[in-house]
Amino acid sequence: MGVSQSKASSLLRRSSPDPLYRQLSAHLQSEIRRGALKLGERIDSEDLLASRFRVSRITVRQAVQDLVNKQLLVRKQGKGTYVTAPAVRHDLRRRHGLVGSLFAQAANAGMKLLRYELRKPPADIAGEMRLPSGTLALSLDRVYLIGAKPVMFGQDWLVPEVAAIPRAKANLISTEDMMREVGIRIAEARISIRAEPAGALAGRILGTSARTPVLVLRRQAFGADGAVKEVGRISFRSDSYELVCSTRELGAGESLFNIRDFGTMA
């Protein structure tokens, strides 16, 4: 961490009523927040931290566990402990999309528009959307990033009237917001999730091999008239995201799924 042993040990006050492990946890958290410890970086071992801060290994272990509980550190068996990022939480029961969840919770989140064009959809997509023969649909491909790291690749087909939204605006808002702006109200969304090989295109965009498993979320969005207005597929890097579901009844504001970015680990 670039802090000398004498300076590091002076950061902890043994006369303080605050336990040493909490002081150490707060110091490490400050290092993470200001970038001295970067996302994906492995922190020093318990022995090194104990020596540097002149505390016991038990104190170090408690401090590290506190940061693991706060989802600022993650333990990788056999490799060490790494800086991660707080969970990005997305409730799949909400019609508000992943774009809103990602930007609301990850300060360094970004999105890049890769495709935005009216074109002929594949036969299965046209069938799901009940489009007359020869009707074009809006094809929308976007990559979602945390920092410079691609973490999700979204491929959407939307009914053609959504193409009235300017391309520049489509790079900033969710598909739900795009449809809302052209007067389409989404009444229901059906979602499925499964693990699949990334494939050549998603693998290239997400920086993995075509055979690397990714989590694939498929979604159909239905309008108030019962017709399918959107058919989407989002591929998540399986080493970057964890989806957790609870079957208990959730309270107000709680999320059904927890999406966690583990960062880059050696």
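Since every read-out is calculated from the coordinates, none of them should be taken as a lab result. In this text, all values refer to a predicted model and were calculated from it rather than measured experimentally.
See the values below:
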{"item": "Estimated D of the stretch 12-67 in µm² per second, where Rh is the Kirkwood radius over Cα pairs and Stokes-Einstein applies at 4 °C, 1.567 mPa s", "result": "113 µm²/s"}
{"item": "The stretch 5-83: relative contact order in percent, alpha carbon pairs under 8 Å with at least 6 residues between", "result": "36 percent"}
{"item": "Calculated P(r) tail over 19 Å for the stretch 111-166, as whole % of Cα pairs", "result": "35 percent"}
{"item": "Lysines whose Cα lies under 25 Å from that of LYS169, excluding same-chain neighbours fewer than 8 positions away", "result": "LYS112, LYS120, LYS149, LYS229"}
{"item": "Extension gain, ILE58 back to LEU114 (0.36 nm per residue minus Cα-Cα distance, nm)", "result": "15.2 nm"}
